Amino acid sequence: MPDKEILIIDDDVRILDMLNELFENVLNIEAETAVNGLDGLNKIDRRAQLSKGQFKLIITDYSMPEMDGITFTEIVNRRYPTLPVVMMSAYNESVTLLPRIRLHKYFTKPLDIPKFIKTIEGVIRA
């Protein structure tokens, strides 16, 4: 099996399952999942330690236990500055978030699936 291309981080298992299904079965993009920012960061760091290269894209939720999407993205921006991060949230926080963190794109839930897919494919296929 090829290396996973995307890491999806969300504490809602239904969202993880839906996005994983979308990527792997509809778009033919391999995805890995994590249940919060700390879990996601551990998976990114472990992959780097194993010299497997970076994920092509991280998709993270905004509000999660253990480590939220903002803290997670701040750390990823410092450690892996070329790694694109897409954030999704049920809240429209993009205006206040953008000055603090570097995001490729911010989506509010419920997701606009056609726009979401176009963004993801643009990053993965670049």
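Okay, residues lined up against (1) surrounded by fewer than 17 Cβ atoms within 10 Å (Cβ to Cβ); (2) touching a Gly at 6+ places or on another chain (Cβ under 6 Å); (3) among the charged types (D, E, K, R):
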{"position": "K4", "(1), (2), (3)": "no, no, yes"}
{"position": "R14", "(1), (2), (3)": "yes, no, yes"}
{"position": "D17", "(1), (2), (3)": "yes, no, yes"}
{"position": "N25", "(1), (2), (3)": "yes, no, no"}
{"position": "N28", "(1), (2), (3)": "yes, no, no"}
{"position": "T33", "(1), (2), (3)": "no, no, no"}
{"position": "K52", "(1), (2), (3)": "yes, no, yes"}
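In the range 47-67, of all residues being of a type in the set (S, T, N, Q) and at pLDDT below 95, the one that is nearest to H104 (Cα to Cα) corresponds to Q54. Just one of the listed residues (I75, I70) is closer than 17 Å to I9 by Cα and at pLDDT 95 or above, and it is I75.
When the range 26-38 is filtered for residues that are within 21 Å of E121 (Cβ to Cβ) and assigned to a loop (DSSP other than H, G, I, E, B), the ones remaining, listed by number, are L27, N28, I29, E30.
None of I29, I9 is aliphatic (A, V, I, L, M), within 21 Å of D68 (Cβ to Cβ) and in contact (Cβ under 8 Å) with a residue 40 or more places away in the chain except I9. Among the criteria (1) surrounded by fewer than 12 Cβ atoms within 10 Å (Cβ to Cβ); (2) polar (S, T, N, Q); (3) at pLDDT 95 or above, the one T96 does not fulfil is (3). Checking the stated criteria, G37 turns out to be at pLDDT 90 or above and small (G, A, S).
The values are calculated or read from the model by the stated rules, or taken from the named source; none is laboratory data. Predicted, not measured: the structure shown is a model, and the values here were computed from it. When we count neighbours, we look across all protein chains shown, and the Cβ atoms used for this are built from the backbone with ideal geometry, even at glycine.
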